[in-house]
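Peer 1: The structure is given below, and queries will be raised subsequently.
Where a number appears in this text, it was derived from the coordinates with a stated rule and is not lab data. Quantities reported herein were computed from a predicted structural model and do not represent experimental measurements. Cβ placement follows ideal geometry from the backbone for every residue including glycine, while neighbour counts extend to all protein chains displayed.
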Amino acid sequence: MFKKLFGVCLLVENFDKSLNFYKDTLGLELNSKDEGFANFKLGETELAIFQKDSATAMFPQKYMRQGGGVSLGFQVKNVKAAADELKAKEVKIIEGPKKTPWGQKVAYFLDPDENIWEISEPFEE
């Protein structure tokens, strides 16, 4: 039934703050922007942000929760370098950089809505 993930849409409390974070702080390439909605190019998968108050056009308010509830994982070439770059942009790293017990190099930070972002290096073979 499900063959391919084409997009992830985060419902955000403050659209302008989130747009600034994703576009300027993380440096994601903006694909399109409309009133309270923006999406970013990330390979074959789209990452979108949608102002929570406006998302009721898609589904009822009662199904929206407060704060973050998503964890997103992205691979980077060098976790330490990426974490240092984020810190220089005043992004607080909440865990790591570290090596997990299974050998993965990771670090974690929060977006403005407290969704957890993981950055990790590809496993070496």
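Peer 1: Report ³J(HN,Hα) in whole Hz for each residue of segment 10-20, in order, from the Karplus equation J = 6.51 cos²θ - 1.76 cosθ + 1.60 where θ = phi - 60°; Gly and Pro get x.
Peer 2: So the Karplus estimates, Gly and Pro as x, are 9, 8, 10, 7, 10, 4, 4, 5, 5, 4, 4 Hz.
Peer 1: Can you grab the distance from the C-alpha centre of segment 68-125 to the C-alpha centre of segment 1-25, Å, no decimals?
Peer 2: 17 Å
Peer 1: Amide H neighbours of VAL70 under 5 Å, at least 5 residues apart or on other chains, H built in the peptide plane: list them.
Peer 2: Here ILE116 satisfy the definition.
Peer 1: What is the set of long-range amide H partners of VAL12 at a cut-off below 5 Å, with H atoms built 1.01 Å from backbone N?
Peer 2: PHE50, GLN51, LYS52
Peer 1: I'd like the antiparallel share, as a percent to the nearest 5, of DSSP beta bridges with both residues in segment 1-56.
Peer 2: 65 percent
Peer 1: So in segment 67-125, what percent of DSSP beta bridges are antiparallel if you round to the nearest 5?
Peer 2: Values: 9 of 14 bridges.
Of the beta bridges lying entirely in segment 67-125, close to 65 percent run antiparallel.
Peer 1: Among the GluC sites (Glu not before Pro) in segment 73-121, which ones are in a DSSP loop with at most 13 other Cβ atoms within 10 Å of the Cβ? Mind listing them?
Peer 2: Values: sites: GLU85, GLU90, GLU95, GLU114, GLU118; in loops: GLU90, GLU114.
Within segment 73-121, the qualifying GluC sites (Glu not before Pro) (loop, at most 13 other Cβ atoms within 10 Å) are GLU90, GLU114.
Peer 1: Also, I was wondering about something else. Relative to the longest principal axis of the C-alpha atoms of the chain, give the angle of the C-alpha long axis of helix 79-88, reported between 0 and 90° and rounded to the nearest 10°.
Peer 2: It works out to around 60 degrees.
Peer 1: For segment 67-125, just say rounded, prolate or oblate: build the C-alpha gyration tensor, square-root its eigenvalues into a ≥ b ≥ c, call rounded for a/c under 1.5, and beyond that prolate if a/b exceeds b/c, oblate if not. If you can, show how the numbers build up before the last one.
Peer 2: Values: a/c = 2.16, a/b = 1.41, b/c = 1.53.
It is oblate, given that a/c is not under 1.5 and a/b is not larger than b/c.
Peer 1: Which loop trypsin sites (Lys or Arg not before Pro) in segment 33-116, with loop taken from DSSP, have no more than 13 other Cβ atoms within 10 angstrom of their Cβ? Please list the in-between numbers first.
Peer 2: Details: sites: LYS33, LYS41, LYS52, LYS62, ARG65, LYS77, LYS80, LYS87, LYS89, LYS92, LYS98, LYS99, LYS105; in loops: ARG65, LYS77, LYS89, LYS92.
Those that pass, being in a loop and sparsely packed, are ARG65, LYS77, LYS89, LYS92.
Peer 1: In straight Cα distance, which lysines are under 23 Å from LYS80, not counting same-chain residues fewer than 8 positions off?
Peer 2: LYS23, LYS89, LYS92, LYS98, LYS99, LYS105
Peer 1: Per DSSP H run of n ≥ 4, the term is -39500 (n - 2.57); total these for the chain, divide by its residue number, and report the mean residue ellipticity at 222 nm rounded to 500 deg cm²/dmol. Can you show the working numbers first?
Peer 2: Values: 2 runs with 16 residues, N = 125.
So the calculated ellipticity at 222 nm is -3500 deg cm²/dmol.
Peer 1: Separate question: If we count chymotrypsin sites (Phe, Trp or Tyr not before Pro) as exposed when they sit in a DSSP loop and have at most 12 other beta carbons within 10 Å, what is the longest stretch of the chain that avoids them all?
Peer 2: Numbers: sites that count: PHE2, PHE6, TRP102, PHE123.
Maximal segment without exposed cleavage sites: 7-101.
Peer 1: Of the beta bridges DSSP finds with both residues in the chain, what % are antiparallel, to the nearest 5?
Peer 2: Details: 20 of 31 bridges.
Once the DSSP bridges in the chain are tallied, antiparallel ones form about 65 percent.
Peer 1: Going by amide H atoms built from the backbone, whose H comes under 5 Å of the H on GLU46, apart from near neighbours?
Peer 2: The answer is GLY7, VAL8.
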